[in-house]
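Each remark here refers to the structure printed beneath this line.
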Amino acid sequence: MSVAVLVVMPSGAGKSTSMSGLDPQRTMIINADRKALPWRNANNQYVQGKNLFNTYRLSGPTNRHNNFNEYSIENLLVNYNKINPKTNVIVLDTVNLALISHEFSDGFQNMTTGRQALSKWFDMAKEGWGLFCMANELPDDVIVFFLAHSTEKMDSDTIVYKKMVTNGRKLESLVPESKFTIVLHGEKRLDDAGEMEYVFITEDINSSAKAPRGMFEKKQFPNDLGYVEKQIRDYYGGNK
């Protein structure tokens, strides 16, 4: 099975920038946020319709014109190796936009009465959960990164716990982090020289961060998904 990785951090902490260390020859970016990639020469490395796809639709039928840019996220996960046989890294940026776009659809908004009104949140949670499951069911050599926004549970003025933002109590109750062996939290902060640094965190008592024992040498390191990919493949040996 594939390895699914959840990357959780607030806006501006370096989620999208962390993709810059990945090999564009082997990487597919699903740009649900539909925003420009934030590093130099990104437009030369990632070309729309080849290894960059701007869609936030979770599911839907394939289109008859074979335009992968109109495919849903689910379709892209199924067809990634038809688009580029070299692809073994897939990034969804961000999973939150993909989940909430369903909530903003006219069909969802029109479900206001009766059984539909009661079931729409369940259906949305089911669709999101299905996406998490699919990310774990691709071939063995594939690594899937889901980039997500974070939220903080507060007690008075103290941060008690940091986790992924979810829309709807049903999906929250399912605990999305439970579908991921690796959950990286990220933050930006000033280093000893007063310079801004962006880091991933693999273990923290106040967050959902976690990683297999011994996968990473340090509990905190620069936010580079290329490095994360290498550590995962080294850890699992020939299976990745």
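Can you run down the residue pairs with Cβ atoms below 7 Å, 6 or more apart or on separate chains, where the first is in the range 1-15 and on the phi > 0 side of the Ramachandran plot and the partner is at pLDDT 95 or above and among the aromatic types (F, W, Y)?
Pairs found: G14/Y198.
How about the range 34-57: which of its residues are within 16 Å of L76 (Cα to Cα) and not polar (S, T, N, Q)? I'd like the intermediate steps shown before the answer.
Residues of the range 34-57 within 16 Å of L76 (Cα to Cα): 34, 46-57.
If the condition is that a residue be within 16 Å of L76 (Cα to Cα) and not polar (S, T, N, Q), then R34, Y46, V47, G49, K50, L52, F53, Y56, R57 are the ones that fit.
Rundown of residues vs (1) at pLDDT below 95; (2) of a type in the set (A, V, I, L, M); (3) touching a strand residue (DSSP E or B) at 6+ places or on another chain (Cβ under 9 Å), yes/no style:
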residue: V3; (1), (2), (3): no, yes, yes
residue: V47; (1), (2), (3): no, yes, no
residue: R64; (1), (2), (3): yes, no, no
residue: S101; (1), (2), (3): yes, no, no
residue: S105; (1), (2), (3): yes, no, no
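Answer with yes or no whether P24 is assigned to a loop (DSSP other than H, G, I, E, B) and modelled with pLDDT of 95 or more.
Answer is yes for this residue.
Considering the range 123-158 alone, what residues qualify as being within 20 Å of I73 (Cβ to Cβ), out of contact with any Asp or Glu (no Cβ under 9 Å at 6 or more places or on another chain) and at pLDDT below 75?
D123, K126
Pull up the range 209-231, narrow it to residues that are within 19 Å of the chain's Cα centre (by Cα) and buried (at least 20 other Cβ atoms within 10 Å of the Cβ), then point me to the one that is nearest to I29 (Cα to Cα).
L225
Determine, yes or no, whether K15 is part of a loop (DSSP other than H, G, I, E, B), surrounded by 15 or more Cβ atoms within 10 Å (Cβ to Cβ) and under 16 Å from the mean Cα position of the chain (by Cα).
Values: part of a loop (DSSP other than H, G, I, E, B): yes; surrounded by 15 or more Cβ atoms within 10 Å (Cβ to Cβ): yes; under 16 Å from the mean Cα position of the chain (by Cα): yes.
When the stated conditions are applied, K15 passes them.
Considering (1) modelled with pLDDT of 90 or more; (2) touching an Asp or Glu at 6+ places or on another chain (Cβ under 9 Å); (3) surrounded by fewer than 13 Cβ atoms within 10 Å (Cβ to Cβ), say which one T55 fails and leave the rest.
(3)
State all residues of the range 4-61 that are over 30 Å from E152 (Cβ atoms) and in contact with a Phe, Trp or Tyr (Cβ under 7 Å, 6 or more places away or on another chain); if no residue qualifies, say none.
P24, M28, G49, L52, F53
The values are calculated or read from the model by the stated rules, or taken from the named source; none is laboratory data. Note that the structure is a prediction, hence the values are computed from the model and not measured. Here Cβ is always computed from backbone atoms with ideal geometry, including for glycine, and neighbour counts include all displayed protein chains.
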